[in-house]
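Take a look at the structure set out below.
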Amino acid sequence: MYIVRDIFNLKYGHFRPVKSLMEEMKKIGMAPANRNFRVLSDFTGGAYRLIMEMEFKSLSEFEKELGADMSKPEFQEWYKKFVEHVISGEREILKSIM
């Protein structure tokens with residue numbers, strides 16, 4: 001099992017609009033329930049972080065789903081609104097060993 005975390009550093013004061021965008025993402029069906037999809041916020045550490053976390057059985061499964069999702073027009077429109085609030089981001093891919 002692999003856990004993929006997309007970590008975004010948000011602009012100061014932009015957390016509420018991003019939270020609304022996450023709710024919109026879920027409403028239009030882009031938050032996959034079968035992936036244990038979670039959206040997390042920082043509690044300690046760097047401020048104004050938003051973390052999207054999903055699980056995949058394999059890296060090829062992740063790669064396939066990523067390509068399919070990113071090519072959807074509704075994702076492209078949503079993403080344009082989302083990136084206006086982001087300073088930077090990174091991805092972590094972790095392998096579950098227990």
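Regarding the stretch 38-46, can at least one residue be identified that is of a type in the set (V, I, T) and surrounded by fewer than 11 Cβ atoms within 10 Å (Cβ to Cβ)? Yes; the residues of the stretch 38-46 include at least one that is of a type in the set (V, I, T) and surrounded by fewer than 11 Cβ atoms within 10 Å (Cβ to Cβ). Report yes if Y12 is surrounded by 12 or more Cβ atoms within 10 Å (Cβ to Cβ), farther than 16 Å from E92 by Cα, modelled with pLDDT under 95 and of a type outside the set (D, E), otherwise no. No: the conditions fail for Y12. Considered as a group, the residues in the stretch 83-96 that are under 23 Å from F62 (Cβ atoms) and of a type outside the set (G, A, S) include one that is surrounded by the most Cβ atoms within 10 Å (Cβ to Cβ), and that residue is V86. Reported count of residues in the stretch 25-37, each being surrounded by 15 or more Cβ atoms within 10 Å (Cβ to Cβ), touching a residue at least 12 places away in the same chain (Cβ under 8 Å) and aliphatic (A, V, I, L, M), is 2.
Among residues that are within 22 Å of Y2 (Cα to Cα), in contact (Cβ under 8 Å) with a residue 24 or more places away in the chain and of a type outside the set (D, E, K, R), M22 is not included.
Scan the stretch 1-36 residue by residue and report those that are hydrophobic (A, V, I, L, M, F, W, C) and either within 23 Å of F56 (Cα to Cα) or in contact with a Cys (Cβ under 9 Å, 6 or more places away or on another chain) (or both).
M1, I3, V4, I7, F8, M22, M25, I28, M30, A31, A33
Residue count for the stretch 47-82 satisfying the condition of being of a type in the set (A, V, I, L, M, F, W, C), closer than 17 Å to E24 by Cα and surrounded by 11 or more Cβ atoms within 10 Å (Cβ to Cβ): 6.
To keep it simple, each residue is scored yes or no on (1) of a type in the set (S, T, N, Q); (2) at pLDDT 90 or above; (3) touching a His at 6+ places or on another chain (Cβ under 8 Å); (4) closer than 22 Å to P17 by Cβ.
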position: K57; (1), (2), (3), (4): no, yes, no, no
position: A68; (1), (2), (3), (4): no, no, no, no
position: F75; (1), (2), (3), (4): no, no, no, yes
position: W78; (1), (2), (3), (4): no, yes, no, yes
position: K81; (1), (2), (3), (4): no, yes, no, yes
position: S88; (1), (2), (3), (4): yes, yes, no, yes
position: R91; (1), (2), (3), (4): no, yes, no, no
position: I97; (1), (2), (3), (4): no, yes, no, no
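Screening M25, M1, M30 for residues that are under 30 Å from M98 (Cβ atoms) and hydrophobic (A, V, I, L, M, F, W, C) leaves exactly one candidate, M1.
The values are calculated or read from the model by the stated rules, or taken from the named source; none is laboratory data. Note that this is a predicted model, so its numbers are computed, not measured. Neighbour counts are summed over all protein chains in view; Cβ atoms, including those assigned to glycine, are modelled from backbone coordinates with ideal geometry.
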